[in-house]
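Peer 1: One structure, pasted below without further comment.
The values are calculated or read from the model by the stated rules, or taken from the named source; none is laboratory data. All values reported here derive from a predicted model rather than from experimental measurement. Counting neighbours? That spans all protein chains shown, and the Cβs are built from the backbone with ideal geometry, glycine included.
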């Protein structure tokens, strides 16, 4: 097992083939495994960093930055409350890195998530207190930053027994959320020290191997995906 400060690294076998593990690989694994067709991305900056590599038929990206390559140049609250008129199979949250807004993004995402859909989040496992700071810029520079995303994830771990939640220990911590069940936690989550003292329990932290054991590669899913691709091409022609 190869580890770095931001989690596991290495090449793994996913539903779409062998790939270096990161959030994009996890997204594509879920898409191919479960036949997801609709995808929403909150926060983009550059499409080349993730969005363009997400292999799904229908996808939308939202970001308030006018220089970002977004389909909807607006904040996520406005998108959810005034623009969004559909449900999604898969939602990737990587917008604001501050807990208060991330909580809203999770809550709003759950409202437009298909019954069997999945939310994946970035930056849930900051390795140090510095990475978990609230301000992005430090002396005019922008070092690696996870913010307080972990607090938003942990709040739902404390309050929502109707969700299945865990963090995959790779790529700064990829949070997984879908409808299901979990034993809620009673840990204090007020400070980074609380996370440091009870990281595994607060985040329900799992390895990449454990994630793949829970969502194993399926030949039946590969066949279904191939059939969908053939049917999709025939419709276009």
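Peer 1: Just to verify a result, which residue in segment 135-159, among those that are assigned to a loop (DSSP other than H, G, I, E, B) and touching a helix residue (DSSP H, G or I) at 6+ places or on another chain (Cβ under 9 Å), is surrounded by the most Cβ atoms within 10 Å (Cβ to Cβ)?
Peer 2: The residue in question is 148.
Peer 1: Please identify the pairs in which a residue from segment 1-26 that is more than 15 Å from residue 211 (Cβ to Cβ) has its Cβ atom under 6 Å from the Cβ atom of a residue that is part of a loop (DSSP other than H, G, I, E, B) and at pLDDT 95 or above, counting only partners at least 6 apart or on another chain.
Peer 2: Qualifying pairs under 6 Å: 2/10; 5/127; 6/172.
Peer 1: Does segment 56-70 contain at least one residue that is surrounded by 14 or more Cβ atoms within 10 Å (Cβ to Cβ) and within 20 Å of residue 170 (Cβ to Cβ)?
Peer 2: No, every residue in segment 56-70 fails to be surrounded by 14 or more Cβ atoms within 10 Å (Cβ to Cβ) and within 20 Å of residue 170 (Cβ to Cβ).
Peer 1: Considering only segment 104-120, I want to know if a residue exists there that is out of contact with any helix residue (DSSP H, G or I) (no Cβ under 9 Å at 6 or more places or on another chain), surrounded by fewer than 21 Cβ atoms within 10 Å (Cβ to Cβ) and under 24 Å from residue 220 (Cα atoms).
Peer 2: yes
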